[in-house]
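Undergrad: Input: one structure, supplied below.
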Amino acid sequence: PGRACRPCPVGAECPGGRGQPFPRPGFWGGHRCGASLAPANASDCAVWPTFFECPYPHFCVGGPNFTCAEGHTGPLCQTVAGPYFVIGKRYWLRCDDYNAFTQLLMIIGVLSVWVLVNTVAACEYDALDITLLYVQITGIISQFQLRWHPNLSLINTALTIVNFDVDFISPDCWLSWSPLHSFYLQLSLPLIFLTYHTVTYGIQMIWRMSRHGLSLDEALLKFKTSIFVMCISFTIVVYPTLCLRCFEVFRCSEQPDGIFMIFAPTVRCWGPEHIGMMSVAGVYICTVLLGLPCFLFYSVTRARRLGRLHHKAFMERFGFMCNRYDPGYQWWECMLLLRRFLLALVSAVGTYAMLQAVLTVLILLALLCCHVETRPFVDNEMDHLDLLCMIGAIVYALAGVLYYPSLTQAIQSYAADPSANPSGASEAALKRG
């Protein structure tokens, strides 16, 4: 008695009286009063809780008990709880429903797709390589927290396969898996692949030396060239996800208990784990994400300046990325890497989904104009394919925007009384519009 009523927070339901607000379905919030660690009555709170819209609304049940869906826990209900494993970061499956052999087959299937993509699509067929580029770009766009049509959810999950994300199938049924494991394993993929290819190709070279009389010098030259080409081509294929992982480390969100990483909701920002991840990501961005396109650009321009573009040694190492471009544009592979870099940066650093989508469309339109002006491919059909794929990526981003904004009348905090608060009524009307 004697205290003015407060407006109900956005995303909450308020029972009134001394009852504490609780999240609506699709929203998440802590049980605590403001930033205090001790539970309290809502009427004693200096600041009422803030409620956050869940990236995937069905994860968050809400209600007076602040409930997550079965198998979910933690901030925004994005952490696996109990006997569950995750596919594509969207589908939670019970471990009991899929035995260890079935899960192993799933992982082997994904690995087989990765190997097929890298060894066939990325190296042998230019058309498949360009298509793969835009499937990866579309996969990045699909991660924007827009209100995608339900029919696109399965497509979005399938698109993430070709981004070589080690979290596509989480091994939570077998071991304790965390975003930290995912981060370090993802950045180690090029090194793991290099080790694997070094061992397997080394065995092949030894067998050829013994069976076909290949000299040691010839074997070493072939070995070094093959290792170089496969390592560069694999890094190019996984480049978008490497960018995403490194950029996501620098994103934090304020939660009821403090400030936590968005990528790893259980890791407190500016703690030892976060500082370690930022340090590794900073070095990786400078040496790999920026170093690779700079190295490729320098190697191609230097070879052109010295008249070595068509020398056998240069073509054996760089021919897979130079032969398909017109003279003067042999460095265009660096432009393709730049596309991935910019869109991954928008995806990982952007705060609002609508802003991410708009920036993505603007970037793709600028790249589209650049492509129309240059037409860098030797084959005109490749120019047309690149153009069509870019237009398709733009259309896909616009498809997600069609169902935005998410702040609709159904989740408004309260309905303003026009007679009591005309300005508030106008604001509510604007939101509903």
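The values are calculated or read from the model by the stated rules, or taken from the named source; none is laboratory data. Everything numeric in this text was worked out from a predicted model, so none of it was measured. Positions of Cβ are backbone-derived with ideal geometry, glycine not excepted, and every protein chain shown enters the neighbour counts. Just so you know, the surface numbers come from the protein's heavy atoms only, side chains and all, with ligands and any DNA or RNA stripped out. Shrake-Rupley method; radii C 1.70, N 1.55, O 1.52, S 1.80 Å.
Undergrad: Among Leu221, Leu244, Leu296, which is the only one that is part of a helix (DSSP H, G or I), farther than 29 Å from Lys89 by Cα and open to solvent by less than 30 Å² (accessible area, probe 1.4 Å)?
TA: Leu296
Undergrad: Tell me whether the stretch 353-361 contains one or more residues that are under 21 Å from Arg324 (Cβ atoms), touching a helix residue (DSSP H, G or I) at 6+ places or on another chain (Cβ under 6 Å) and modelled with pLDDT of 90 or more.
TA: There is no residue in the stretch 353-361 that is under 21 Å from Arg324 (Cβ atoms), touching a helix residue (DSSP H, G or I) at 6+ places or on another chain (Cβ under 6 Å) and modelled with pLDDT of 90 or more.
Undergrad: State which residue is surrounded by the most Cβ atoms within 10 Å (Cβ to Cβ) when the search covers only the stretch 349-388 and only residues that are more than 21 Å from the chain's Cα centre (by Cα) and assigned to a loop (DSSP other than H, G, I, E, B).
TA: Taking the candidates together, the pick is Pro376.
Undergrad: Another question, if that's okay. Exactly one of these conditions fails for Leu104: (1) open to solvent by 50 Å² or more (accessible area, probe 1.4 Å); (2) assigned to a loop (DSSP other than H, G, I, E, B); (3) at pLDDT 70 or above; (4) of a type outside the set (Asp, Glu). Give me its number.
TA: Failing condition for Leu104: (2).
Undergrad: Here's something else I'd like to know. Could you list, in sequence order, all residues of the stretch 180-195 that are open to solvent by 30 Å² or more (accessible area, probe 1.4 Å) and of a type outside the set (Val, Ile, Thr)?
TA: Answer for the stretch 180-195, where residues must be open to solvent by 30 Å² or more (accessible area, probe 1.4 Å) and of a type outside the set (Val, Ile, Thr): Leu180, His181, Tyr184, Leu185, Ser188, Leu191, Phe193, Leu194.
Undergrad: Tell me which of these Leu175 doesn't satisfy, since it passes every other one: (1) outside any helix (DSSP H, G or I); (2) among the hydrophobic types (A, V, I, L, M, F, W, C); (3) under 20 Å from Arg90 (Cβ atoms).
TA: (3)
Yes or no, residue by residue, for (1) in contact with a strand residue (DSSP E or B) (Cβ under 9 Å, 6 or more places away or on another chain); (2) at pLDDT below 85; (3) assigned to a loop (DSSP other than H, G, I, E, B); (4) open to solvent by 70 Å² or more (accessible area, probe 1.4 Å):
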site	(1), (2), (3), (4)
Pro1	no, yes, yes, yes
Ala4	no, yes, yes, yes
Ser43	no, yes, no, no
Val86	yes, yes, no, no
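Undergrad: Could you run through the stretch 259-276 and say how many residues are open to solvent by less than 30 Å² (accessible area, probe 1.4 Å), in contact with a strand residue (DSSP E or B) (Cβ under 8 Å, 6 or more places away or on another chain) and either assigned to a helix (DSSP H, G or I) or in contact (Cβ under 8 Å) with a residue 60 or more places away in the chain (or both)?
TA: 5
Undergrad: Additional query: Residue under question is His310, and the condition is that it be without any contact (Cβ under 8 Å) to a residue 40 or more places away in the chain and over 18 Å from Val349 (Cβ atoms); does it hold?
TA: Spelling it out, His310 is indeed without any contact (Cβ under 8 Å) to a residue 40 or more places away in the chain and over 18 Å from Val349 (Cβ atoms).
Undergrad: A follow-up question, please. Could you please give the count of residues in the stretch 319-331 that are part of a helix (DSSP H, G or I), surrounded by fewer than 21 Cβ atoms within 10 Å (Cβ to Cβ) and either of a type in the set (Ser, Thr, Tyr) or free of Cβ contacts under 8 Å to residues at least 60 places away in the same chain (or both)?
TA: 1
Undergrad: Report every pair of residues separated by at least 6 positions or lying on different chains whose Cβ atoms are under 7 Å apart, first residue within the stretch 374-397 and under 13 Å from Thr360 (Cα atoms) and among the hydroxyl-bearing types (Ser, Thr, Tyr), second at pLDDT below 90 and open to solvent by less than 70 Å² (accessible area, probe 1.4 Å).
TA: So the pair list comes out as Tyr396/Thr138; Tyr396/Ile141.
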